[in-house]
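Contents: one structure, followed by commentary.
The values are calculated or read from the model by the stated rules, or taken from the named source; none is laboratory data. What you are looking at is a predicted structure, and each value in this text was computed from that prediction instead of being measured. Positions of Cβ are generated from backbone atoms using ideal geometry, with glycine treated the same way; all protein chains shown enter the neighbour counts. For the accessible areas, the whole protein counts, side chains as well, though only heavy atoms, and no ligand, DNA or RNA atoms are used. Shrake-Rupley method; radii C 1.70, N 1.55, O 1.52, S 1.80 Å.
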Protein chains: 2
Amino acid sequence: MSATIIDGKLLAETIRQRVADEAKRLGITPGLTVVIVGEDPASQVYVRNKVKQTEAAGFHGSEHRLPESTSEANLLKLVQTLNNDPSVHGILVQLPLPDHIDPDLVIRTIDPAKDVDGFHPINAGKLAVGQDSLVPCTPQGCILLAKTVHPDLTGLNAVVLGRSNIVGKPVAQLLIQESATVTVAHSKTQDLSDVCARADLLVAAVGRAELVKRHWIKPGATVIDVGINRVADGLGKSRLVGDVAFNEAKEIAGAITPVPGGVGPMTIACLLANTLKAACWAEGKPAPTF
Amino acid sequence: MSATIIDGKLLAETIRQRVADEAKRLGITPGLTVVIVGEDPASQVYVRNKVKQTEAAGFHGSEHRLPESTSEANLLKLVQTLNNDPSVHGILVQLPLPDHIDPDLVIRTIDPAKDVDGFHPINAGKLAVGQDSLVPCTPQGCILLAKTVHPDLTGLNAVVLGRSNIVGKPVAQLLIQESATVTVAHSKTQDLSDVCARADLLVAAVGRAELVKRHWIKPGATVIDVGINRVADGLGKSRLVGDVAFNEAKEIAGAITPVPGGVGPMTIACLLANTLKAACWAEGKPAPTF
């Protein structure tokens, strides 16, 4: 039996379309500003995609490209200017930042109501206690992908592999809110493969290429692979693989996300959904859910 | 074999003594103000104990008793006055509040640096992302009790039974930080007793009298019982029991906290530790850890 391949590209497209339609219906033009400091090539690609898809959704997208040498004080000043600009509903400061800038301080300076990455401690806190907040995009995408297979996650045994602040922990919090039974496993977990093999829903977010093998997966389980790892293909080039050994995993899983084309595209779709939500709040309109 | 009984009363006393000694050593007098609205008899007892133990530790304790009819606006005004009072390092508004007052709004109004209950969303967020914060008292007490048995919690299979914002979720976050493998189980969990029976460390925080039976416990496991439930004793009186059926559990567990005398006394000890921490921050001194 071969697993259903969960098409993240298609779901992301559907959500981006619905976000665009809702914005039009509500008569608002959400504005998203992306700030990038320095020349990290991967970041450049991400930012370009974010701005492109923002504009494709009919939103107002803008970009601030600052040199690597930008001082922390100047970056904070820019963030404050954006906080005070009513045409900017969402502010995203692309990480990583150069070493001389404290990312936590920058994140804390963003107006929590414009923090579309959901990284501000007050948004992390609202998520932790189950209050309405701007939820980090990738974790949100994981839940939406899982729900294509299990519309109701209640009572599912979910295992989250990884405990990062940007993926593992928020995914776990969202799953608890959805009434799943949630285990957070990580590098210090004993019998890691056995713990994973108990999961009806396995979310792999450790950043280790193809760590999760066939025997780590319960037959019929749903597997959401957050990893994006670049590995040599042995022919002098490289390819992207997830945290799950996809080819063997798909023989045992019930459903699985591919890499690329699974979680990846969902991140920007959820970023647009967050920006719409922030814009609705700013305009005093009810925010749609996706 | 009978379990080691973990003496929460003794540990709490030790911590209160160490907190008092540290405050003296640092030459500061931490100030804790407790606000109570209305006449709830249980709350009256809690508040009396808090103030008494605050003063016993050499801290400055004060109390604001407001009538049930106090308006939300007036309560918020009092909180703001306390926020601005440099002699007040910790503010605790006793819950529950009367129905006409929004507890979330009151909690959000407390200066996060004086929020010794650790309930402000920004403190919940800092806890969620592992930043130094004021951590809710009861969860902190659970970890300290568990550490009397396991000084290092790394790799332990921990199950947290219950997912409340004030106990279950923060306990889970603290355990993740301590590198345990953490499962959050709750009323929607399937095969709840089997899930619990996998735990090396079981924290029961559901508020259901003696729910956890002998066969829910792995032989030799450590059991932390957060429940405080009043039940009829069949003789026209009542007695306090935990969420764990203590008499049968102690035959199989390796170590267990009693009710009363386990988690309960730890809460005020940790409240004093938080107040000392807040006072150290206010005075620009390094905060001791316990």
Original post:
Out of all the residues in segment A:112-124, which are open to solvent by less than 30 Å² (accessible area, probe 1.4 Å), touching a residue at least 60 places away in the same chain (Cβ under 8 Å) and among the hydrophobic types (A, V, I, L, M, F, W, C)?
Top reply: A:116
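Working only within segment A:102-124, note down all residues that are hydrophobic (A, V, I, L, M, F, W, C) and either in a loop (DSSP other than H, G, I, E, B) or more than 14 Å from chain B (Cβ to nearest Cβ) (or both). Even if it seems obvious, please write down each step before you answer.
Kept after step one, since they are hydrophobic (A, V, I, L, M, F, W, C), are these residues of segment A:102-124: A:105-107, A:110, A:113, A:116, A:119, A:122, A:124.
Within segment A:102-124, A:106, A:110, A:116, A:119 qualify.
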**OP:** Filter segment A:146-163 for residues that are small (Gly, Ala, Ser) and not in a strand (DSSP E or B) and give the result.
**Re:** A:146, A:155, A:162
**OP:** Within segment A:80-98, work out how many residues are under 14 Å from residue A:68 (Cα atoms) and of a type in the set (A, V, I, L, M).
**Re:** 3
**OP:** Restrict the check to segment A:56-65 and report whether at least one residue is open to solvent by 10 Å² or more (accessible area, probe 1.4 Å), part of a strand (DSSP E or B) and small (Gly, Ala, Ser).
**Re:** yes
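Residue B:195 - would you say it is in contact with a Gly (Cβ under 6 Å, 6 or more places away or on another chain), on the phi < 0 side of the Ramachandran plot, within 14 Å of chain A (Cβ to nearest Cβ) and modelled with pLDDT of 95 or more?
Details: in contact with a Gly (Cβ under 6 Å, 6 or more places away or on another chain): no; on the phi < 0 side of the Ramachandran plot: yes; within 14 Å of chain A (Cβ to nearest Cβ): yes; modelled with pLDDT of 95 or more: yes.
Spelling it out, it is not the case that residue B:195 is in contact with a Gly (Cβ under 6 Å, 6 or more places away or on another chain), on the phi < 0 side of the Ramachandran plot, within 14 Å of chain A (Cβ to nearest Cβ) and modelled with pLDDT of 95 or more.
Could you identify the single residue in B:49, B:74 that is open to solvent by 50 Å² or more (accessible area, probe 1.4 Å), at pLDDT below 95 and more than 23 Å from residue B:280 (Cα to Cα)?
Details: B:74 fails: at pLDDT below 95.
Of the residues listed, the single one that is open to solvent by 50 Å² or more (accessible area, probe 1.4 Å), at pLDDT below 95 and more than 23 Å from residue B:280 (Cα to Cα) is B:49.
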Subject >> Residues within segment B:225-259 that are surrounded by 13 or more Cβ atoms within 10 Å (Cβ to Cβ), more than 18 Å from residue B:215 (Cβ to Cβ) and among the basic types (Lys, Arg), tallied >> reply: 1
Original post:
Looking at this structure, is residue B:257 more than 12 Å from chain A (Cβ to nearest Cβ) and hydroxyl-bearing (Ser, Thr, Tyr)?
Top reply: yes
Original post:
Here are A:85, A:99: which of them is within 24 Å of residue A:273 (Cα to Cα), acidic (Asp, Glu) and assigned to a loop (DSSP other than H, G, I, E, B)?
Top reply: A:85
**OP:** Considering each of B:33, B:14 in turn, give the residue that is of a type in the set (Ser, Thr, Tyr), touching a residue at least 24 places away in the same chain (Cβ under 8 Å) and open to solvent by less than 90 Å² (accessible area, probe 1.4 Å).
**Re:** B:33
**OP:** Report yes if some residue within segment B:82-89 is of a type in the set (Val, Ile, Thr) and open to solvent by less than 50 Å² (accessible area, probe 1.4 Å); otherwise report no.
**Re:** yes
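Please go through segment B:125-159 and pick out each residue that is among the hydrophobic types (A, V, I, L, M, F, W, C), within 11 Å of chain A (Cβ to nearest Cβ), open to solvent by 10 Å² or more (accessible area, probe 1.4 Å) and in contact (Cβ under 8 Å) with a residue 24 or more places away in the chain.
So in segment B:125-159, the residues among the hydrophobic types (A, V, I, L, M, F, W, C) come out as B:127-129, B:134-135, B:137, B:142-146, B:149, B:153, B:156, B:158-159.
Still in the list and also within 11 Å of chain A (Cβ to nearest Cβ): B:127-129, B:153, B:156, B:158-159.
Keeping just the survivors that are open to solvent by 10 Å² or more (accessible area, probe 1.4 Å) gives B:129, B:156.
Of everything in segment B:125-159, just one residue is among the hydrophobic types (A, V, I, L, M, F, W, C), within 11 Å of chain A (Cβ to nearest Cβ), open to solvent by 10 Å² or more (accessible area, probe 1.4 Å) and in contact (Cβ under 8 Å) with a residue 24 or more places away in the chain, namely B:156.
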**OP:** Evaluate segment B:152-169: report whether one residue or more is within 20 Å of residue A:201 (Cα to Cα) and of a type in the set (Asp, Glu).
**Re:** no
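With respect to residue B:273, is the statement that it is in a loop (DSSP other than H, G, I, E, B) and open to solvent by less than 40 Å² (accessible area, probe 1.4 Å) true? Spell out the reasoning first.
Values: in a loop (DSSP other than H, G, I, E, B): no; open to solvent by less than 40 Å² (accessible area, probe 1.4 Å): yes.
Considered against the rule, which asks whether it is in a loop (DSSP other than H, G, I, E, B) and open to solvent by less than 40 Å² (accessible area, probe 1.4 Å), residue B:273 comes out as no.
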Original post:
Between a first residue in segment B:170-188 that is at the interface with another protein chain (Cβ under 8 Å from one of its Cβ atoms) and a second residue that is open to solvent by 10 Å² or more (accessible area, probe 1.4 Å) and basic (Lys, Arg), which pairs have beta carbons less than 7 Å apart while being 6 or more apart in sequence or on different chains?
Top reply: B:176/A:163; B:179/A:188; B:184/B:163; B:186/B:163
Subject >> Qualifying residues in segment B:278-290 (those that are in contact (Cβ under 8 Å) with a residue 24 or more places away in the chain and open to solvent by 40 Å² or more (accessible area, probe 1.4 Å)) - the one nearest to the chain's Cα centre (by Cα) >> reply: B:290
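For segment B:164-258, list the strands (runs of 3 or more DSSP E) that sit wholly inside it and hold at least 2 residues that are farther than 21 Å from residue B:140 by Cα; which are they? Full working, then the answer.
Details: elements: B:181-185, B:201-204, B:222-225, B:229-232, B:238-241.
Ranges flagged: B:229-232, B:238-241.
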Subject >> Residue ID - most open to solvent (accessible area, probe 1.4 Å), chosen from residues in segment B:160-185 that are farther than 16 Å from residue B:225 by Cα and within 15 Å of the chain's Cα centre (by Cα) >> reply: B:165
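Take residue B:44 and decide whether it is without any contact (Cβ under 8 Å) to a residue 60 or more places away in the chain, part of a helix (DSSP H, G or I) and open to solvent by 80 Å² or more (accessible area, probe 1.4 Å).
On the way: without any contact (Cβ under 8 Å) to a residue 60 or more places away in the chain: yes; part of a helix (DSSP H, G or I): yes; open to solvent by 80 Å² or more (accessible area, probe 1.4 Å): no.
Considered against the rule, which asks whether it is without any contact (Cβ under 8 Å) to a residue 60 or more places away in the chain, part of a helix (DSSP H, G or I) and open to solvent by 80 Å² or more (accessible area, probe 1.4 Å), residue B:44 comes out as no.
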